[in-house]
Amino acid sequence: MKTITVRVARFDPAVDKEPYFETYTVQVNEGARVLHTLHAIRDEQDPTLSYRYCCGSGQCGSCAVRVDGTPVLACMEEARDGITIEPLALPVQKDLVVDMEPVLKRIAWIEPGEDVVVPKKEEIEAIKPLRDCIECLSCVSACPALQVTAFAGPTILRQQMRLTLDPRDTHDRIDEAIEQGLFYCTTCKRCVEVCPKDIEIPGKAIEKLREIANRRGLTLPRHQEVAKMVKETGRSVGRTQPTFLEQVPEVIEPDGEVRGEVGFFVGCMFNGRVPQTALDAMEVMKRNGIRVIVPHDQVCCGSPLIRTGQTSFLDDLKQKNIDAFARRGITTVMTICAGCGATLKNDYETPFVVKDISEVLTEYGIEPPAKLDITATYHDPCHLLRGQGISEEPRELLRQVVREFVEMPTQCCGAGGGVRSGIPEEAAALGAKRDEEVRKTGADIVTTICPFCEFHIADCTDVPVKNLATLLLEGYRKKDAEREDVGKA
C-alpha cells in the first residue's frame with residue numbers, strides 16, 4: 001500500500017457558484033490507477049463525489065478525465081502523489097461527470113442502401129485504423145480549434161472518413177465534413193497524443209477527407225493558390241529578397257576541424273522569406289565543426305500540399321528531394337523547420353536519416369556560448385513536439401545561452417494545417433491564446449524552431465520571437481566580443 005494526496009475538482013451546478021478543488025489523502029495499492037483512487041475517496045471519505053466508469057479496462061471510454069491538464073482514461077492512468085484530477089473540458093454536470101450528449105449525437109451513423117455491398121479486404125484494412133474509437137471524447141477536450149471555432153471536433157471527422165471508406169454507406173460525407181469544419185483542423189496532433197487508442201485522426205482522416213474535397217474542387221481558394229505556386233516554382237512562398245540558396249555555396253566548410261557532416265534541407269520559408277535565420281544556422285554549424293552540404297536543386301517538401309489535401313503532384317516533389325540528397329551520398333539530412341522535418345520523417349521513405357538541428361547539435365555537443373542576459377521561454381512547434389517527438393533537445397540548448405529559462409504550457413499557436421492562410425480568424429484567435437501564456441511567463445523573448453510559428457506568434461505578441469539558431473549565434477558573438485575586450489585590456 002502507499003499513501004497519496006490528490007486534488008479533485010468539485011462542482012455541483014445546482015448549489016455551487018463556481019468550481020473548486022478539494023484535497024484528499026488516501027491509501028491505495030502500488031500500481032493503483034486514478035479510478036482506484038476515486039473509488040477510495042468515494043468509499044472511505046466522500047460518497048458525494050461523482051464520476052463515471054464502467055468496464056475498468058480501457059474499452060468503454062466512460063471514465064475519461066483530465067490528470068494534470070491532460071485527458072486520460074482514469075482506469076488506465078497510474079495514480080501518483082500530488083496529481084490534480086479534473087473533468088474533461090466539456091460542460092460539467094457534476095464534479096467529474098461531463099455532458100457528452102451534444103457531441104455524441106453528432107457522430108454520423110452508416111446509411112446503407114438497398115443493395116448492400118460487402119467491404120473488400122483492402123477496404124476493411126483501410127477502415128481498421130479509424131474504427132477503434134471508444135468515444136471517450138479525450139480528443140474533443142484537448143483540441144485547440146474547438147476552443148475558438150465551431151469545429152465539430154476530431155472524433156466526428158474521424159467517423160466521416162470511416163464511413164467514406166465503407167462501401168455500405170450511401171451518404172455523401174464531404175459536404176457534411178466541410179460544414180463541420182474540415183479546414184479548421186491545425187493538424188497539431190494533440191488529438192493523437194491524448195487518444196487512448198492512438199488513432200491518427202489528422203493523417204488518416206482529416207487530410208484524407210481534404211484530398212477527396214480537393215478532387216471535387218472544394219479546396220479553399222488560398223490553399224489552391226499555394227499549390228499553384230509550388231507547381232510553378234517549386235516553392236510555397238514567393239521570393240521577397242535574395243534567397244538562401246542564392247547566397248551560399250553547395251558546401252559550407254566549418255571553422256577548424258571537421259567533426260561531422262550533414263546535408264541541409266532549407267525549406268521554403270527559410271529559403272525565400274527569412275533567409276537570414278538559415279544563414280545564422282550555418283554560422284552555428286561552422287562554429288561547431290560540422291560541414292554542411294546544401295543541394296541547390298532541392299524543392300518544397302510538400303507539407304503545405306499534404307496538410308491541405310492537394311497531393312496530385314506530391315510524388316514528383318518527393319523524388320526530386322530524395323534524388324537531390326541521395327545522389328550526393330548524404331546520409332544525414334538536417335532541417336531547421338519543424339514542418340519540413342516532420343514531413344521528411346513521416347511522409348517520405350528516404351535512404352537517409354533526417355534530424356532536426358536541435359538533434360544534430362545535441363548529439364555532437366556544442367561549444368558553450370556566452371549567456372545572454374535575458375529570460376527566455378520556448379514555444380513547442382506541434383510538428384516538432386508531436387510530429388517528431390522532440391522536446392528536451394531545444395530546451396537543453398536554450399538553457400546554455402540564456403540567463404534564465406521559463407516554461408509555458410504547450411499549445412498550438414494556430415499557424416499549421418493551412419489555418420493561417422485559409423482560416424486567418426481562427427489562427428488569430430489561437431495566437432491570442434498563445435500571447436496570454438507568453439505574457440504570464442514574464443519572458444524577454446520567445447524562442448522556437450519553426451518559421452510558421454515564429455511568424456505567427458510575432459504577429460500576435462509584442463514579445464520578440466527568435467529562432468534558436470539565431471539566439472545561439474548571438475551567444476557566440478557575445479563570447480567573441482568579451483574575448484576581444486579581454487585581449488585589449
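The values are calculated or read from the model by the stated rules, or taken from the named source; none is laboratory data. Treat the numbers as computed from the prediction; the structure is a model and nothing was measured. All Cβ positions, even for glycine, are placed from backbone atoms using ideal geometry, and neighbour counts span all protein chains on display. Keep in mind that these areas ignore ligands, DNA and RNA; they rest on the heavy atoms of the full protein, side chains included. Shrake-Rupley method; radii C 1.70, N 1.55, O 1.52, S 1.80 Å.
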Subject >> Complete set of residues in segment 215-239 that are in a loop (DSSP other than H, G, I, E, B), open to solvent by less than 90 Å² (accessible area, probe 1.4 Å) and without any contact (Cβ under 8 Å) to a residue 40 or more places away in the chain >> reply: 217, 237, 238
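For (1) within 25 Å of the chain's Cα centre (by Cα); (2) under 16 Å from residue 22 (Cα atoms), each residue gets a yes or a no:
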{"position": "45", "(1), (2)": "no, yes"}
{"position": "64", "(1), (2)": "yes, no"}
{"position": "74", "(1), (2)": "yes, no"}
{"position": "84", "(1), (2)": "yes, yes"}
{"position": "102", "(1), (2)": "no, no"}
Original post:
Looking only at segment 63-84, which residues are among the small types (Gly, Ala, Ser) and surrounded by 20 or more Cβ atoms within 10 Å (Cβ to Cβ)?
Top reply: 64, 74, 79
Subject >> Selection status of residue 297, open to solvent by 10 Å² or more (accessible area, probe 1.4 Å), more than 23 Å from residue 473 (Cβ to Cβ), over 24 Å from the mean Cα position of the chain (by Cα) and not hydroxyl-bearing (Ser, Thr, Tyr) >> reply: yes
Original post:
For segment 396-445, which residues satisfy the criterion of being polar (S, T, N, Q) and either open to solvent by less than 30 Å² (accessible area, probe 1.4 Å) or touching a strand residue (DSSP E or B) at 6+ places or on another chain (Cβ under 8 Å) (or both)?
Top reply: 441
**OP:** Could you list all residues from segment 334-359 that are among the β-branched types (Val, Ile, Thr) and surrounded by fewer than 24 Cβ atoms within 10 Å (Cβ to Cβ)?
**Re:** 350, 353, 354
Original post:
In the set 91, 112, 87, 119, which member is touching a residue at least 60 places away in the same chain (Cβ under 8 Å) and either among the hydrophobic types (A, V, I, L, M, F, W, C) or surrounded by 11 or more Cβ atoms within 10 Å (Cβ to Cβ) (or both)?
Top reply: 87
Subject >> Residue within segment 457-464 that is open to solvent by less than 40 Å² (accessible area, probe 1.4 Å) and not in a helix (DSSP H, G or I) present >> reply: yes
Original post:
Is one or more of the residues making up segment 374-381 out of contact with any strand residue (DSSP E or B) (no Cβ under 9 Å at 6 or more places or on another chain) and either touching a residue at least 24 places away in the same chain (Cβ under 8 Å) or crowded, with 18+ Cβ neighbours inside 10 Å (or both)?
Top reply: no
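To keep it simple, each residue is scored yes or no on (1) touching a Phe, Trp or Tyr at 6+ places or on another chain (Cβ under 6 Å); (2) at pLDDT below 95; (3) under 25 Å from residue 211 (Cβ atoms).
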position	(1), (2), (3)
384	no, no, yes
393	no, no, no
452	no, yes, yes
469	no, no, no
